[in-house]
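Following: one structure in structure tokens, then a few remarks.
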Amino acid sequence: MSGNRKLGKPTDQRMAMMRAMVTYLLENGRIKTTVSRAKEVAPIAEKMISLAKTNNLASYRQALAFITKEDVAKKLFDEIGPKYENRSGGYTRIVRIGPRRGDAAEMAFVELV
């Protein structure tokens, strides 16, 4: 994780949130969140996809250590990794969608390209 945003949470809660968001992003291909969270999730998701491109047991276990669902890790290595085989980075996109109604927080979609 890039060491710049604390997102108003202690480290353990922040890491748990990042793990959950990355898992959900890889499972569904798209998540809606705040811009600052999106900027934290995207690089981690990119690292997971890069791991999936080197399809061996060590990288699979490394991905499993971060991803919270085993079937998502399997999908990552079976489908997502091979899909980006010829692409050298830039697997995610952040699309801003304007302020949230309740607190006017800037919202964004993080999606797999």
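The values are calculated or read from the model by the stated rules, or taken from the named source; none is laboratory data. Just so it is clear, the structure is predicted and the values come from calculations on it, not from any experiment. Backbone-built Cβ (ideal geometry, glycine too); neighbour counts: all protein chains shown. When the accessible area is computed, the model is the full protein with side chains, heavy atoms only, and any ligands, DNA or RNA have been set aside. Shrake-Rupley method; radii C 1.70, N 1.55, O 1.52, S 1.80 Å.
How about the range 11-82: which trypsin sites (Lys or Arg not before Pro) there lie in a loop by DSSP and see at most 16 other Cβ atoms within 10 Å? All intermediate terms of the calculation are to be shown ahead of the outcome.
Numbers: sites: R14, R19, R30, K32, R37, K39, K47, K53, R61, K69, K74, K75; in loops: K69.
Taking the range 11-82 and a limit of 16 other Cβ atoms within 10 Å, the loop trypsin sites (Lys or Arg not before Pro) found are K69.
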The helix 57-66 Cα axis meets the longest alpha-carbon principal axis of the chain at an angle in degrees, between 0 and 90 and rounded to 10, of 20
To the nearest 10 degrees, the tilt of helix 35-53 (Cα long axis) against the first principal axis of the alpha carbons of the chain is 0
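Please report, as a whole percent, how much of the solvent-accessible surface of the chain comes from carbon and sulfur atoms (probe radius 1.4 Å). Mind dumping the intermediate values first?
Values: 3210 of 6510 Å².
So the carbon and sulfur contribution to the accessible surface is 49 percent.
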Phi-derived 3J(HN,Hα) across the range 100-110 with the Karplus relation (6.51, -1.76, 1.60, θ = phi - 60°), rounded Hz, x for Gly and Pro, is 6, 5, x, 10, 6, 6, 5, 9, 7, 9, 10
Scalar couplings 3J(HN,Hα) for the range 25-34 by Karplus 6.51 cos²θ - 1.76 cosθ + 1.60 (θ = phi - 60°), nearest whole Hz, x for Gly and Pro, are 4, 5, 6, 10, x, 6, 9, 10, 7, 6
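What does the charge add up to near G29, with Lys and Arg as +1, Asp and Glu as -1, over the other residues with Cβ less than 13 Å from its Cβ? Let's see the in-between values first.
Working: positive: R30, K32, K75, K83, R93; negative: E27, E79, E111.
With Lys, Arg at +1 and Asp, Glu at -1, the net is +2.
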Computed over the chain, protein heavy atoms only, probe 1.4 angstrom, the accessible area per residue in square angstrom equals 58
